[in-house]
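Here is the structure we will look at, set down as structure tokens.
The values are calculated or read from the model by the stated rules, or taken from the named source; none is laboratory data. What you are looking at is a predicted structure, and each value in this text was computed from that prediction instead of being measured. Glycine also receives a Cβ, built like all others from the backbone with ideal geometry; neighbour counts cover every protein chain displayed. Surface accessibility is based on the protein's heavy atoms, side chains included, excluding ligands, DNA and RNA. Shrake-Rupley method; radii C 1.70, N 1.55, O 1.52, S 1.80 Å.
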Amino acid sequence: MKYITGLPTPKFADLLIRLREKGVGGYPPSLGLRGSLKAVLIYMRHNIVQAVIGKQLGVSQPTISRAIKVMTGAIVQALKDVLLTAQEVPEGCDCRAGRHTLPLLKLARSPRIVVGQAWDDRHERL
């Protein structure tokens, strides 16, 4: 589940419970709430063509499109009380994400310089 949707099974289940508690409606009945959530998470994580997701889940591309439209807003509403806005992030908090974060000031320069410099820095340590 984690590779497919980006969420481990317990987190997927928690999000599904939150969506049920919010009373989400409008998702395609052929997918149900669980299948609609799975479809939109696959779409968000992998950016796969909707027709391919539909083929994997046994429904049409328009069904996946409807699920994405309904569930995207529903996920935002379900997680609204959990997520921080930019204004709510504590001052001094380093919020950069990713496996290989670079100092933000370096990103203002040419990407080739930053990548070359990161390469040089890495090989100096070796």
Within the range 1-31, track down each residue that is closer than 24 Å to VAL52 by Cα, open to solvent by 30 Å² or more (accessible area, probe 1.4 Å) and among the β-branched types (Val, Ile, Thr). ILE4, THR9
Need pairs with beta-carbon distance below 9 Å; first residue more than 8 Å from ILE64 (Cα to Cα) and within the range 36-52, second assigned to a helix (DSSP H, G or I) and of a type in the set (Phe, Trp, Tyr); sequence gap 6+ or separate chains. LEU37/PHE12; LYS38/PHE12; LEU41/PHE12; ARG45/TYR3
Residues located in the range 1-26, provided they are part of a loop (DSSP other than H, G, I, E, B), under 15 Å from the mean Cα position of the chain (by Cα) and in contact (Cβ under 8 Å) with a residue 24 or more places away in the chain: GLY6, LEU7
Can you report the number of residues in the range 54-75 which are closer than 10 Å to ALA39 by Cβ and among the hydrophobic types (A, V, I, L, M, F, W, C)? 6
